[in-house]
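To keep things clear, I will list the structure first and then write my remarks on it.
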Amino acid sequence: MFETYTIMDQLADLARELDRAFVTGWGSPRTYPALNVAETADTIEVRALVPGVKKEDLEVTFEDGTLRLRGKRALELPAGAVWLRRESAGAEFERTVRLGTPVDGDSVKAAFADGVLTLSFRKSEAAKPRLISIN
Amino acid sequence: MFGLKKNDAATATVERANDTLPRVSPAVDVLENESGYVLYAEMPGATKDTVTVTVERDELSIEGRAEFAAGGEAVHTEFGPVVYHRRFRLGRELDGAGASAAVEQGILTLTIPRTAESRPRRIDVT
């Protein structure tokens, strides 16, 4: 049929399952999608891995310094087909992340490509690093 | 004998670069329909240019590379650059040479038809 090829691949499968269990607690969507946060002097950038999620199925809100990502991955099974294997993460997800640095909520720029959502915020003026001159 | 030709050197560099990245096994969903199998592999960050699919005899191998260029200094990190890699063995009923692949929204979709002999056939009763 259609099986995993080597013992190494089977170990990799197991490792992935364990990773998922460790990160998500067996299927809890709390830490899905995976997020990275990076900053420059002027910006905070949040990236989320949302493979297969369509733009219209993704809702992004930002309120009181908290970013919320909600969405679903609709995997449709065409009529007459059957699933042989399901490994992808849960269909619906919601994750919130509090940005530690004050940002200008209106400044957010969103980009969505290759299953990666990138949100770029401008830090509010008060949060930017400043050079203080010593008199 | 041991010298590398220019092309080999370029290939070797790419392979070395791939080797330095962690290799992860992508999650896959597989469905079966009348015409064959469809495999969906989650490879966020991978593109048409970084994904390769090879079929050799009954072995199907998928590989994809995701770089995730940094958007500044990392504050919180849950993922990083990876090489997705996974291999499968194709059953005799599948025609690996007839497979087609597409990458969209971080999902590699691989359509593998059945061999002509294994397709369902209607047999007329006379």
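Worth a mention:
- Using Cβ point charges alone (K and R +1, D and E -1), the dipole size of the stretch B:64-110 about the Cα centre works out to roughly 340 debye.
- The orientation-averaged shadow of the Cα convex hull for the stretch B:14-126, equal to a quarter of the hull surface, comes to 8.8 nm².
- Working note: Karplus 6.51/-1.76/1.60 with θ = phi - 60° gives the stretch A:50-56 the couplings 10, x, x, 7, 7, 3, 6 Hz, where Gly and Pro are set to x.
- Modelled label reach - A:A41, point 7 Å along Cα→Cβ, the stretch A:93-135 residues with backbone N closer than 20 Å: A:101-104, A:120-135
- 3J(HN,Hα) along the stretch B:80-85: x, x, 9, 10, 7, 8 Hz, from the Karplus curve 6.51 cos²θ - 1.76 cosθ + 1.60 with θ = phi - 60°, whole Hz, x for Gly and Pro.
Where a number appears in this text, it was derived from the coordinates with a stated rule and is not lab data. The structure presented is a predicted model; accordingly, all values stated were derived computationally and were not measured. We place every Cβ from the backbone using ideal geometry, glycine too, and count neighbours over all the protein chains shown.
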